[in-house]
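Report on the following structure.
Read-outs: derived from the displayed coordinates by stated rules, not from any lab. Keep in mind that what you see is a predicted model, and the values were worked out from it rather than measured. Reconstructed Cβ throughout: ideal geometry from the backbone, glycine too, with neighbour counts over all protein chains shown.
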Amino acid sequence: MPPLDKRIKKFLKDSIRIAPKISGKGELSELRTGLVSQYPQTRKDAIKKTIQQMTLGKDVSSLFPDVLKNIATIDVEQKKLVYLYVMNYAETHPELCILAVNTFITDAQDPNPLIRCMAIRTMSMIRVDKILEYIETPLRRTLHDDNAYVRKTAVICVAKLFQLNKDLCVELGVVEDLVNALDDSNPLVIANATAALIEIHNMDMDAVDLSSLIQSHVSQFLLALNECTEWARIIILGTLSEYSAKDSLEAQDIIDRVTAHLQHVNPAVVLATIKVIVRNLPQIEYSSNSLIMKRLSSAFVSLMSTPPEMQYVALKNIRIILEKYPELLTKELRIFYVKFNDPLYVKLEKIDILVRLVDPSNLKQCTLLLTELKEYAMEYEPEFVSRAIQALSQLGIKYAQESFVSKVLDILLELLERQDTIKDDCCISLCDLLRHCPGNDKMAKQVCAVFNTWSNPEVLLQSDIAKCNYVWLLGQHPNNFSDLESKINIFIENFVQEEALTQMSLLMTIVRLHATLTGSMLQSVLELATQQTHELDVRDMAMMYWRCLSMPNNESLVNDLCQNKLPMISNTLEKFSPEVLEKLLMELGTISSIYFKPDSNRRKGKKYVQNIVKGKHIEELESMAKNEISSKANDDVLLDFDERDDVTNTNAGMLNTSTTLGDLDDLFDFGPSEDATQINTNDTKAVQGLKELKLGGDSNGISSGGKNNPDVSGGNIVSQDLLDLF
Amino acid sequence: MGNIFSSMFDKLWGSNKELRILILGLDGAGKTTILYRLQIGEVVTTKPTIGFNVETLSYKNLKLNVWDLGGQTSIRPYWRCYYADTAAVIFVVDSTDKDRMSTASKELHLMLQEEELQDAALLVFANKQDQPGALSASEVSKELNLVELKDRSWSIVASSAIKGEGITEGLDWLIDVIKEEQL
Ligand SMILES: Nc1nc2c(ncn2[C@@H]2O[C@H](COP(=O)(O)OP(=O)(O)OP(=O)(O)O)[C@@H](O)[C@H]2O)c(=O)[nH]1
Ligand SMILES: [Mg+2]
């Protein structure tokens, strides 16, 4: 027995109830003692401190077993903390994770539903095979839990499990449980089960027959809709929009039952509702002033008072819907007027909508918009101004009447006087207007008179498209320009530096005017265009001209070439092709609606990497890399000692490239390579030309989402002339 | 004198200290069954423990923090994570599992060599005595080479977790030893 005083000391130490404090330093040894302290409060503090260190990025993984010891507690907060820690390090310490399995399983039967949820949720999130092996019992139990909150968590876990280990998920047959959950009594469970099924379907379309499930559960969805949370509502509405009603009665019923959600405060709910309605509209009878159209219209109006990011999404979606239902928002034009504090991206979209929305039979509205656009064009943001100028010509052409067009023309000419930087845009817009009124010599004279004063158009005009238009105008109205030859000569001198459109336009203008120009000009442009350009189209075109011109008895052919008139432009607003439009209408509110590109992979069953249990891939790569490096390095030792480092480096470099290649491959697997193939298969001259035009437009920053009207003219010029040749 | 003192204080404040006790042994020996027998006095249906169970129980005015660790081969290496601050080890042996007596013995001695367990008392349950053909406590003791143990309070008790026999006797002995040594 130790002496009495020592024993008293020890006893007192043990009896003091104050738990030792953990300092803020976060030293591992201190934390470790704290974690296994006999005082609960100290242990909890130590866990908190440990997690604090963890979030700061310090490696506290060596404390894993000690932290884990604290997982068995009735203190929910402490349990949560430990779970958090386990989740974070599970992937790096899969072997230690096994110690947590029993606790997960026990917790999944805890009397406290919160703990049951936490257990199953954490367990299905840990990307470690060893853990997933034991998930069956707790998952099944929680899927059939008495508590709806637990069930709704468990159904999501099935989707997670599917993502982590599809084979296991199929083996356990829990996907069937998900399907059964669609008939659950609780709307949240239904919503989550739906979400989980959709997710699984997106990973592997063979796993569930989603469309027939939707088909058979429409009434459940409609019932659940009113009682669930926003998030669930969005999912259910999204699912409903995949459903095609059997008849007009059902379509009307669906519309009636979702319409109330158009007034929801959450814009995502509103958009999802709009999607369902738009989906069902074609099936019911409605007129442009029917109640449903008014409701839709006011829903959009309400979306325009959301934060700018939402407005942007709304505007993009409006753009799509307008194409199908152009009359939808005509009365609400003013809502889309640009506000001074709108961000640029919203302003640009608004202009686009404005021109589309305006009713061309309503002179008052058009005139108001004209003044509005003119204001915009006098602002200072270059992209905005440029878009406004484009919109002016779009508006003019949309209204169609020459007197109105002439008003627009005056505005554009007035703007032209104000500033040098907008010459490109004005030039393009003016030429578009002229192409809309081909017979109107007065307008042509007005425009040419202004252009005629430019002594150095090749400097004033910056973009390829603008130059192309200018040169085209020279060819169309040669008599309105003084000193035509020198104007053309400037461009001939610069021919090699010019881009494809200008080159093409120049070639055509000179051929057109060759009878009146000095002979050498034709000769030099044909030579330049056949020998000095990299543009295949320009070259081919020049070859063909050359041949035509040197054919015997070619008068009528040459005449056709030179006299040919372009068709009138009657619309400069880009339209979707009918198929694309239908697809986009189905994908409202998704990312496709922002890019106006239907998701080509949708419902085609793209497969994600099936098993993303972490570690494997990187490890494999790493060991491959190591092997390769070491083998190469060894080889080299035999040959030459000095270069060893170098070679290892190069090897490493090579490996890097191969990984990059792998990455690229991955990208191609996922990314729709459709764009590329389209261009390849349609590699005709016109398309090529259009493509170039697009590029030019983009670099100029004009064609944000929209397009540049000269696309049409350029393309037409090319194809028209080609046709004329044969 | 000291005994009187400490028991007096004990009565005044009660012992605030929790005693850590580990239940170890090969898989299927009956560790989990014993833990819950102690805690709720019933036989529960068990599954192999992947990881651990921990329960706090009050026994004779003492708070016991009892850890039952899984006994599968893959989990045994992690027993050591739990050795620190351990007052006593309860080692459970399936007395009918003659083939694995040597394995049990090896694991037991390996564990007792650990520095952190030098002061821990050892209670061995020769479990599953209700089964026909079960080795007796002294036979198990021989198989496990318990006589070789030096400088340690140890005892072996024949038990049946299913019938509830021997468990409290064993624990009574253990608590007495701990009280004597620690207080
Ligand atoms: N007949 C009999 N069976 C017992 C006794 N004790 C436990 N068992 C049974 O032995 C089996 C294993 O018991 P557990 O308590 O799970 O064993 P364990 O030591 O916890 O096993 P692990 O967790 O894998 O390490 C169970 O089927 C128990 O019912 C006993 O005293 N007699
Ligand atoms: Mg067990």
Exercise. What is the calculated FRET efficiency for A:R547 to A:S482, with r their C-beta to C-beta distance and R₀ = 30 Å, to the nearest 0.05?
Worked result: 0.35
Exercise. According to the square roots a ≥ b ≥ c of the eigenvalues of the Cα gyration tensor, what is the shape class of region A:27-88, taking rounded for a/c under 1.5, prolate for a/b larger than b/c otherwise, and oblate for the remainder?
Worked result: oblate
For this session: Treating the angle as unsigned and between 0 and 90°, give the value, to the nearest 10°, between the Cα long axis of helix B:2-13 and the longest Cα principal axis of chain B.
Result: 90
For this session: Using 0.36 nm per residue of separation minus the Cα-Cα distance, give me the extension gain between A:S403 and A:S570 in nm, one decimal.
Result: 58.6 nm
For this session: Would you work out if region B:13-180 is rounded, prolate or oblate? Take a ≥ b ≥ c from the square roots of the eigenvalues of the alpha-carbon gyration tensor; rounded if a/c is under 1.5, else prolate when a/b is larger than b/c, oblate otherwise.
Result: rounded
For this session: Tabulate in residue order the Karplus-calculated ³J(HN,Hα) for region A:587-593, using 6.51 cos²θ - 1.76 cosθ + 1.60 with θ = phi - 60°, rounded to whole Hz; enter x for Gly and Pro.
Result: 10, 4, x, 9, 5, 4, 6
For this session: Take the alpha carbon atoms of region B:54-94, find their center, do the same for region A:113-190, and report the distance between the two centers in whole angstrom.
Result: 31
Exercise. Which pairs in the list A:K316/A:K398; A:K166/A:K316; A:K152/B:K31; A:K423/A:K575; A:K69/B:K179; A:K467/A:K575 are over 29 Å apart, alpha-carbon to alpha-carbon?
Worked result: A:K166/A:K316; A:K152/B:K31
For this session: Mind listing the long-range amide H neighbours of B:A88? Cut-off is under 5 Å, sequence gap 5 or more, other chains count too, H placed in the peptide plane at 1.01 Å from N.
Result: B:L22, B:A121
Exercise. What residues from region B:76-99 fall in the zone where the backbone N is under 18 Å from a label point 7 Å along the Cα-to-C-beta line of B:E114?
Worked result: B:76-93
For this session: Scan around B:I156 for amide H atoms under 5 Å from its own, H built in the peptide plane at 1.01 Å from N, and keep only partners 5 or more places away or cross-chain.
Result: B:V124
Problem set entry | Angle in degrees between helix B:31-40 and the longest Cα principal axis of chain B, rounded to the nearest 10 | 40
Problem set entry | Pairwise FRET efficiency - A:L28 versus A:K324, Cβ, R0 = 60 Å, nearest 0.05 | 0.40
Seminar exercise, completed: Once both label points are put 7 Å beyond Cα along the C-beta direction, the A:V450-A:T516 separation in nm becomes 2.2
Exercise. Could you work out the helix-only [θ] at 222 nm for chain B, with each DSSP H run of four or more residues adding -39,500 (n - 2.57) and the total divided by the number of residues, to the nearest 500 deg cm²/dmol?
Worked result: -9500 deg cm²/dmol
Problem set entry | Spin-label pair B:S74/B:E181, simplified geometry with 7 Å Cα→Cβ offset, distance in nm | 3.3
Exercise. In 10 Å bins starting at 0, how do the alpha-carbon pair distances of region A:215-283 split up by percent?
Worked result: 23, 61, 15, 0
Problem set entry | Inter-label distance for B:T56 and A:R141, nm, one decimal - labels placed 7 Å from Cα along Cα-to-Cβ | 2.2
Exercise. Cα centroid distance between region B:137-181 and region A:55-108, in Å?
Worked result: 33
Exercise. Once the piece of chain linking A:Y286 and A:E332 is laid out straight, how much longer is it, given 0.36 nm per residue of separation minus the C-alpha distance between them?
Worked result: 14.6 nm
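What does the average come to when, for each residue of peptide A:59-67, you count the partner chain Cβ atoms lying within 10 Å of its Cβ?
Mean inter-chain Cβ contacts per residue within 10 Å come to 1.
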Exercise. What is region A:222-346 by shape, rounded, prolate or oblate, if you read a ≥ b ≥ c off the alpha carbon gyration tensor as root eigenvalues and call it rounded for a/c under 1.5, prolate for a/b larger than b/c, and oblate otherwise?
Worked result: oblate
Seminar exercise, completed: For region A:52-62, Karplus-derived ³J(HN,Hα) couplings (6.51, -1.76, 1.60; θ = phi - 60°; whole Hz; x for glycine and proline) come out as 4, 4, 4, 5, 7, x, 7, 7, 10, 5, 5
Exercise. Under 20 Å from the 7 Å Cα→Cβ point of B:K98, by amide nitrogen: which residues of region B:131-147?
Worked result: B:131-146
Problem set entry | Potential extension, A:D247-A:F340 segment - 0.36 nm per residue separation minus Cα distance | 28.8 nm
Seminar exercise, completed: Taking N as the number of residues in region A:304-453, the ratio of its alpha carbon radius of gyration to 2.2 N^0.38 Å works out to 1.05
